[in-house]
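S.K.: The structure that follows is given in the form of structure tokens.
The values are calculated or read from the model by the stated rules, or taken from the named source; none is laboratory data. Given the structure is predicted, the values throughout are model-derived calculations rather than measurements. A quick note on method: Cβ atoms are made from the backbone with ideal geometry, for glycine too, and the neighbour counts reach across all protein chains shown.
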Amino acid sequence: MTLAWFARVMLVLAVAAGAAACGKKNEYAAPPPPKVTVAAPVEQEVTSYFESTGNTASVNAVDLVARVQGFVQAISYNDGDFVKQGTSLFTIEPEPYKLKVDAAKASVTSAKANLVQAQAEYQRQADLITRQVSTQANYDKALAQRDSTQADVQSAQANEQQAEINLGYTDVTAPFDGVVTARQVSIGQLVGANSATSLATIVQLDPIWVNFTASERDVQRVKATLAGQGLTRAQLTSLPVEIGLQTETGYPHKGKLDYVAPNVDPSTGTLAIRAVLPNANRALLPGYFVRVRVPMQTRPALLVPDVAIGSDQGGRYVLVVNKDNVVEQRKVEPGQLVGDLRVIDNGLAKDDRVVVGGIMRAIPGEKVDAEQQSAPAAK
């Protein structure tokens, strides 16, 4: 067996193998459908809310002023102290006003003594004139003197009361529980010389107000909701209010409606609303910017993960997988956010299979390999 013969045999085998390969058909094998995760909408009761933003404000904030003239004798608090109602804060030298009280009391005593004498003289003249021993002129004079001394007593008593009031003004006390700001005067400073001198400001922090507004459209929507529940305007103050700071999750602070304005402001088209909240730990300070929500009604609803909702020029939509495992784009009307889930007000049925995972692989009109999972409940 020569080398040349071996080469011819190998050539024949190669040609035969090529011919056999050319006899097979080339066929296209389609890739498998993409895998996506689907879930049915969550059915549960949800509470609808009116939501707004607002600012906290103190229920009471008062400038403490000197209502009498004098030198500041004592300052009985530290700047920023929380004080109870009636706590003495400033003392304006009381001695001159104590002397005026003493003088006024002496005037009352003198006027009463004069009245006793005038009353006795009047009584004598009244007795004499009945016996026709005295003249009408003497009787009239005694009567006038008695009435005049009575007026003197009343005037002296009024002066005494005014002196007592001025003496009370020398002790500036807290009109309510609150925090006192930094003092604006010093010990020994003359205050009240020409006008009322501002001494400090006291701010009440518990309870605290939250002021917010509602647009005209929101007002009409809320009124329709409340009317459906049979609530009147007078019952609005029974509605609870929930407050959250910008740095907080959720709405941890609870209160209730306190005031609703009787008219919409035509310059802004909004209605002023106020809530009142307990604030014993003083977590809220006047001037905070806060988130506000008022629960309106509880109703059954369908919810889907918020990430499952897309948007285009036609509005908001979700992707659903039909019974043939073909993706459909479904227009929906989303509502409020509840945890990580979004309420769908219109556009979904409870047995729809919504694409919640692999959304980028789900193309409307194309088949998918759908894996069913249970959607988590809203928190």
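S.K.: Among 204, 189, which is the only one that is closer than 21 Å to residue 79 by Cβ, buried (at least 19 other Cβ atoms within 10 Å of the Cβ), touching a strand residue (DSSP E or B) at 6+ places or on another chain (Cβ under 8 Å) and not hydrophobic (A, V, I, L, M, F, W, C)?
M.R.: 204
S.K.: From the list 78, 114, pick out the single residue that is part of a loop (DSSP other than H, G, I, E, B), over 30 Å from residue 239 (Cβ atoms) and of a type outside the set (Ser, Thr, Tyr).
M.R.: Just one listed residue meets the conditions, 78.
S.K.: Of all residues being among the small types (Gly, Ala, Ser) and loosely packed, with under 12 Cβ neighbours inside 10 Å in segment 363-379, which is modelled with the lowest pLDDT? Just the residue, please.
M.R.: So the residue we want is 374.
Yes/no matrix, rows are residues, columns are (1) assigned by TED's automatic domain parsing to the domain that holds residue 84; (2) modelled with pLDDT under 95:
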{"site": "132", "(1), (2)": "no, yes"}
{"site": "136", "(1), (2)": "no, yes"}
{"site": "140", "(1), (2)": "no, yes"}
{"site": "144", "(1), (2)": "no, yes"}
{"site": "164", "(1), (2)": "no, no"}
{"site": "193", "(1), (2)": "yes, yes"}
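S.K.: Another question, if that's okay. Output the number of the condition that residue 209 fails; it satisfies all remaining conditions of (1) surrounded by fewer than 17 Cβ atoms within 10 Å (Cβ to Cβ); (2) under 39 Å from the mean Cα position of the chain (by Cα).
M.R.: Only one criterion in (1) surrounded by fewer than 17 Cβ atoms within 10 Å (Cβ to Cβ); (2) under 39 Å from the mean Cα position of the chain (by Cα) is unmet by residue 209, namely (1).
S.K.: What single numbered condition from (1) of a type outside the set (Phe, Trp, Tyr); (2) crowded, with 19+ Cβ neighbours inside 10 Å; (3) under 26 Å from residue 57 (Cβ atoms) fails to hold for residue 226?
M.R.: Every listed condition holds for residue 226 apart from (2).
Rundown of residues vs (1) more than 17 Å from residue 205 (Cα to Cα); (2) in a loop (DSSP other than H, G, I, E, B), yes/no style:
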{"position": "52", "(1), (2)": "yes, no"}
{"position": "57", "(1), (2)": "no, no"}
{"position": "64", "(1), (2)": "no, no"}
{"position": "86", "(1), (2)": "no, yes"}
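S.K.: Residues being part of a helix (DSSP H, G or I), surrounded by 14 or more Cβ atoms within 10 Å (Cβ to Cβ) and hydrophobic (A, V, I, L, M, F, W, C): count how many of those fall in segment 88-108.
M.R.: Going through segment 88-108 one residue at a time, the tally reaches 3.
S.K.: Is one or more of the residues making up segment 352-360 within 30 Å of residue 204 (Cα to Cα) and free of Cβ contacts under 8 Å to residues at least 40 places away in the same chain?
M.R.: Going through segment 352-360, the residues within 30 Å of residue 204 (Cα to Cα) turn out to be none.
Scanning segment 352-360, I find no residue that is within 30 Å of residue 204 (Cα to Cα) and free of Cβ contacts under 8 Å to residues at least 40 places away in the same chain, so the answer is no.
S.K.: Condition test on residue 218, is it part of a loop (DSSP other than H, G, I, E, B), of a type in the set (Asp, Glu) and in contact (Cβ under 8 Å) with a residue 24 or more places away in the chain? Before the answer, list the steps.
M.R.: Working: part of a loop (DSSP other than H, G, I, E, B): no; of a type in the set (Asp, Glu): yes; in contact (Cβ under 8 Å) with a residue 24 or more places away in the chain: yes.
No, not satisfied.
S.K.: Surrounded by fewer than 16 Cβ atoms within 10 Å (Cβ to Cβ), under 21 Å from residue 92 (Cβ atoms) and either in the same structural domain as residue 89 (by TED's automatic domain parsing) or within 60 Å of the chain's Cα centre (by Cα) (or both): does that describe residue 154?
M.R.: no
S.K.: Scanning segment 230-261 for residues that are exposed (fewer than 10 other Cβ atoms within 10 Å of the Cβ) and in contact with a strand residue (DSSP E or B) (Cβ under 9 Å, 6 or more places away or on another chain), which turns out nearest to residue 298 (Cα to Cα)?
M.R.: Only one residue tops the list, namely 238.
S.K.: Check every one of the strands (runs of 3 or more DSSP E) wholly within segment 273-379 and list those with 1 or more residues that are of a type in the set (A, V, I, L, M).
M.R.: 289-305, 315-321, 327-331, 333-338, 341-346, 354-357, 369-372
S.K.: Another one. Considering only segment 216-226, I want to know if a residue exists there that is acidic (Asp, Glu) and at pLDDT 95 or above.
M.R.: So far as segment 216-226 goes, no, none of its residues is acidic (Asp, Glu) and at pLDDT 95 or above.
S.K.: Then there's this: Would you mind finding the one in 71, 82 that is of a type in the set (Phe, Trp, Tyr), under 19 Å from residue 192 (Cα atoms) and either surrounded by 13 or more Cβ atoms within 10 Å (Cβ to Cβ) or at pLDDT 95 or above (or both)?
M.R.: 71
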